[in-house]
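The values are calculated or read from the model by the stated rules, or taken from the named source; none is laboratory data. The structure presented is a predicted model; accordingly, all values stated were derived computationally and were not measured. Glycine gets a Cβ as well: all are built from the backbone with ideal geometry, and neighbour counts include every protein chain shown.
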């Protein structure tokens, strides 16, 4: 179905057009008073300064990797390196555009809340985040489609797909730095601002006297817009690459219908169309309750998911060679994504028992609150893991027993179906990411409303929007982890297939594979330790800078009208530390699979990937949910329960929230990158490992 | 080498004789004043009451399992059930004897410290723990040897070994309840006593006014003597069973020399002899420094390890059909155990950087101290996992490339060598467990010295002994985890071999295996969540009881001479909650492998076991080391650093210590049991799973 490739290009362009429309709508809204514009400009400058410096650093990394690809992978021509740079460039571009608009939407959302109320503010904030969502989907799909078209002209089909994997690696490289660096930045600024501001100086959150307040607001964008966007860009592109790579090998062997190669592109195209329609449903009425707002966003996401189903059915029907079992495998992925999001919300929402139990534990002090939070996080891993297990086994068996168009699925069909489940889960990415990226826009709008001293009722409206953002952030994290795991499994399947590894080689009885699996299971813990420590170190530098400013700038702490905090310095410090701290985890994530692949061989490397994916999945959920639940346990107490704000229980909950900050916003999300990046590095360098065959035999 | 079986019986009897000698030496020492005897009796009664009620509950479990074995495993005759009950009985007996003597040694150690000084007290405390060490080794080895002799008479060789695995399962059943129940008991009493005593009422630790103080001291014995003993009994027996089971199958195929079947017994015999000699080296002089004491115990352990090496070399030399590569594989296991203990000490000792870093983090509050402690625990997983990885791969390659006596090792040789590495690591168990069980004796001696108001210099001596016990407890935990993992891997190898699973069946490309692996990686987290929550719930009941007694017993809190705390009630409450709380994790550990084996088949079950072992290993180390490091960070501050006792930093460290309590003494150690128990359940029920072949295909 050659037409599917063109369909994908058309859909990708449509997504970009929608992003442009959203961007224009945001930019044409009023940015409010001079003070609001000034604050917006400060946040924007900080965010763009970070992203520029980050991309400069990444450029060096990309250059080294491009040379490595050129030298180590003997493709004869520089196509791999070019594809890699192309992929990295597109992901960076998506991040850049998304950030520009998200940081333009914050003050405008606050202004809309002031002049038009919630029903004007919600769509604006959503569109501010929607630019990120649809740019990621659009550029991700466009890049793959154009890349495939181009490389197919100059190379054979199979080779073209080997090259395309490098586009995925490009996206992964950006994701590594955006997620890890962004995660460190956002929590260093947040923790640093809180430790001195709230705790030492006793001034409220988002107070303009706090020199780290702008860095804190910048951090929301850097972490939750650029970081999350790059993470899901990687998943989106990675899942399509993995499914198509499996299909290319299977089709060459005659096990799969040739149409399977481009089916992932067509699914993505259908997904964009569905997300596009869903995004027009985000509207609300004045005095909308918290639940109304949540229902609005949820309806939009569910509509998109609902529309995807008949769309994909149509694809299967029109083609005729693919078979209905594949349709149900895709559906499994889609449903798994929604279910994981549901359970994430259950475990982290303060209207539910688990989080309330954590709040209750504050009555016997900090220690029991911490223990309970860790226990809730650990317990919350059961449902998502069981869901993914069912999806993986179910999809495989569907694909394996698929007998369509006179062909029999077999193992190739099974692996293909598993990788397609990931594509299904991510198909409506445009809108799921939009609801995610909406969060920091609303959060920033609230911050600007506070700093610009807008009337109380405006602040109440932005608070309602912000609170909704916290919910979507939590479910978004669950979705990001689930899709990362399915993508990683798809990439591992593609890796095994393109390396020509047979089932018997990938056996648990091979001690190198088993040893590498144990080692892989350890890596997420080591990686988390590094990123958690990095946040602590970076936050300490912010603390010292804020203390210095309070000491040296006369009248700042007391709020004298002419005393101005030096926001830019805190922004610069956060930027510098985040960039420095992301080197070690970055090197680890790239070096570990390459070292194991060279030393212990390609089969052992598969063991490493499976071990890391298994334990990384569980650890990431635990960290995200413990962190989210601590955060909301604090918010639960702040609603007046258990003594309310200022009580001893509240103080205990604040400690829990602080412990949870690096859990949920730095270390946990970084694990998504670790498992995908190691898999895609393995996929790209597979030919090298196969050639060497392992130095230790 | 038939003689090896008799050698094992002689060595086992020698171990039991030494235990009897130690017991007599302990019992003939003076138990001190009436008050001291009264306290000792209270602790002893509590401990024995717990163990009696625990064994009653376990008897029900054992009966159900025996019936299950009889019904599900069609061995025609009741041998499997009988072997199972025999194994459970021996482990329970070892726990009973060890506890009796350990709880008789505490007051006598305190009295020895009073009358004879440290050089009299140290050997006494060591012998009090040594009874546990040598009883476990003696009964463990004796039971296997006699069982094998007996079943060989009435069954064929291979069948006899299938039956012997049930002896291992018996030990595992006791370990489950002793470790999990004991872990819950000890921390519920400890946390409960601290929360009301130290925090609310402001009375010091081990103060006789605290109604939970006896329960707390009972808990030390229940958790660290009986729990640790049963854990290592399981590893000891399990590793021998696994190695011999692999050898039986390999020898039947002609791949392994027949001598390999009994080599594990011979290694254990040599190990007992070496441990016996080492245990005579525990002596010290008056005014021995902390370092002197540590050096004494270390010299004893290292001497035993050193003596094992030539002993094993002699076995290999005399037989001639086994080959030197196997010798080096055993050595790898032995060295791995010592290295893991070394790294555990590095990460948890307050003379080293990691723990001092945690103490430093207290300067910015509780949250940063918690984060730093978690990060240290996570980072500390690198070394042990790398060590085990090297040991597994190294041992396998040695065994694989072994060409002795005209036979070629191959895959059977590789698996055999891996399982022997575990036997090597555990060979000197008698003395390593003795140094472990020494800890609670010394701890109790200190408690009795405090409660009986012995002079300050006596308390200083018992403090020195106790502090040494903390170090040996930490390294003992590392050793227990490392040996549990190697034992589990050995059991998994035996499981794969006795199920007749080929390499190609155990492939990562099988989605059921992969899905089960993901699920297995989640189980340790779920298991830990359950045990952590159990501690919290049980501790709350203690808190309420202590509050009630302070409220209702006039003059108790103020220390009126005629006001007597009702110790027995706190003991009874701890016992009841621990027994109730261990049901759920116990059912989970047994039901999960059986359910997966029946539903997804024997290959998928191997995936579950590998996933659980990989993530359980890492999580157990993290929890043990975070907990140990928090504990010692608090002790570091108590030496006067960072403001010393009572400062804000100290208060933060106390919170860290409380969070760490269930980490290091309940949830972490329980994971050892989880991974071994699931493996041995799989091994025993393997014929059933093979017969069914998985309901979901």
Check your understanding: Which one is farthest from the chain's Cα centre (by Cα), of the residues in segment B:384-396 that are more than 7 Å from chain A (Cβ to nearest Cβ) and farther than 16 Å from residue B:478 by Cα?
Key -> B:394
Point to revise | Answer from B:494, B:516 - the residue that is closer than 30 Å to residue B:693 by Cα, assigned to a helix (DSSP H, G or I), away from chain A (no Cβ under 11 Å) and in contact with a helix residue (DSSP H, G or I) (Cβ under 6 Å, 6 or more places away or on another chain) | key: B:494
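Quick grid of which residues meet (1) within 30 Å of residue A:329 (Cα to Cα); (2) within 19 Å of the chain's Cα centre (by Cα); (3) not in a loop (DSSP other than H, G, I, E, B):
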position: A:425; (1), (2), (3): yes, yes, yes
position: A:444; (1), (2), (3): no, no, yes
position: A:448; (1), (2), (3): no, no, yes
position: A:454; (1), (2), (3): no, no, no
position: A:470; (1), (2), (3): no, yes, yes
Exercise for review: Could you please let me know if residue B:671 is buried (at least 24 other Cβ atoms within 10 Å of the Cβ), at pLDDT 95 or above and closer than 30 Å to residue B:81 by Cβ?
Suggested key: yes
Review point. Restricted to segment B:502-513, and to residues that are surrounded by fewer than 24 Cβ atoms within 10 Å (Cβ to Cβ) and at pLDDT 90 or above, which residue is farthest from the other protein chains (Cβ to nearest Cβ)?
Key: B:505
Exercise for review: Consider residue A:565 carefully, then state whether it is within 11 Å of chain B (Cβ to nearest Cβ) and either buried (at least 21 other Cβ atoms within 10 Å of the Cβ) or in contact with a strand residue (DSSP E or B) (Cβ under 8 Å, 6 or more places away or on another chain) (or both).
Suggested key: no
**Study point:** helices (runs of 4 or more DSSP H) (entirely within segment B:105-210) containing at least 3 residues that are over 30 Å from residue B:238 (Cα atoms) and touching a helix residue (DSSP H, G or I) at 6+ places or on another chain (Cβ under 7 Å)
**Key:** B:118-154, B:182-194
**Study point:** Unique residue being over 24 Å from residue A:198 (Cα atoms) and facing another protein chain (nearest Cβ under 7 Å) when the list is B:367, B:411
**Key:** B:411
Check your understanding: Which numbered condition trips up residue B:670, out of (1) facing another protein chain (nearest Cβ under 10 Å); (2) assigned to a helix (DSSP H, G or I)?
Key -> (1)
Review point. Has segment B:628-635 got any residue that is modelled with pLDDT of 95 or more, within 12 Å of chain A (Cβ to nearest Cβ) and more than 30 Å from residue B:159 (Cα to Cα)?
Key: yes
Point to revise | Qualifying residue in segment B:289-303 (condition: farther than 19 Å from residue B:22 by Cβ and in a loop (DSSP other than H, G, I, E, B)) | key: yes
Point to revise | Unique residue being at negative phi, out of contact with any strand residue (DSSP E or B) (no Cβ under 8 Å at 6 or more places or on another chain), surrounded by fewer than 24 Cβ atoms within 10 Å (Cβ to Cβ) and assigned to a helix (DSSP H, G or I) when the list is B:440, B:354 | key: B:354
Check your understanding: Is at least one residue of segment A:585-604 over 23 Å from residue A:362 (Cα atoms), within 12 Å of chain B (Cβ to nearest Cβ) and under 25 Å from the mean Cα position of the chain (by Cα)?
Key -> yes
Exercise for review: Would you check if residue B:490 is surrounded by fewer than 24 Cβ atoms within 10 Å (Cβ to Cβ) and more than 19 Å from residue A:492 (Cα to Cα)?
Suggested key: no
Check your understanding: Is it true that some residue in segment A:168-178 is more than 23 Å from residue A:44 (Cβ to Cβ) and over 21 Å from the mean Cα position of the chain (by Cα)?
Key -> no
Practice item. Sort through A:98, A:87, A:80 and tell me the only one that's touching a residue at least 12 places away in the same chain (Cβ under 8 Å), assigned to a helix (DSSP H, G or I) and more than 25 Å from the chain's Cα centre (by Cα). Key: A:80
**Study point:** Selection status of residue A:555, modelled with pLDDT under 90 and either in contact with a helix residue (DSSP H, G or I) (Cβ under 8 Å, 6 or more places away or on another chain) or within 12 Å of chain B (Cβ to nearest Cβ) (or both)
**Key:** no
Review point. Any chance segment B:683-697 includes a residue that's within 10 Å of chain A (Cβ to nearest Cβ) and surrounded by fewer than 22 Cβ atoms within 10 Å (Cβ to Cβ)?
Key: yes
Check your understanding: Taking segment A:65-77 on its own, how many of its residues are free of Cβ contacts under 8 Å to residues at least 12 places away in the same chain and surrounded by 11 or more Cβ atoms within 10 Å (Cβ to Cβ)?
Key -> 3
Review point. Checking residue A:540 against (1) facing another protein chain (nearest Cβ under 8 Å); (2) closer than 23 Å to residue B:618 by Cβ, which single condition isn't satisfied?
Key: (2)
Study note, to complete from the structure: In segment A:370-383, residues that are in contact (Cβ under 8 Å) with a residue 24 or more places away in the chain and either within 7 Å of chain B (Cβ to nearest Cβ) or part of a helix (DSSP H, G or I) (or both) total 9
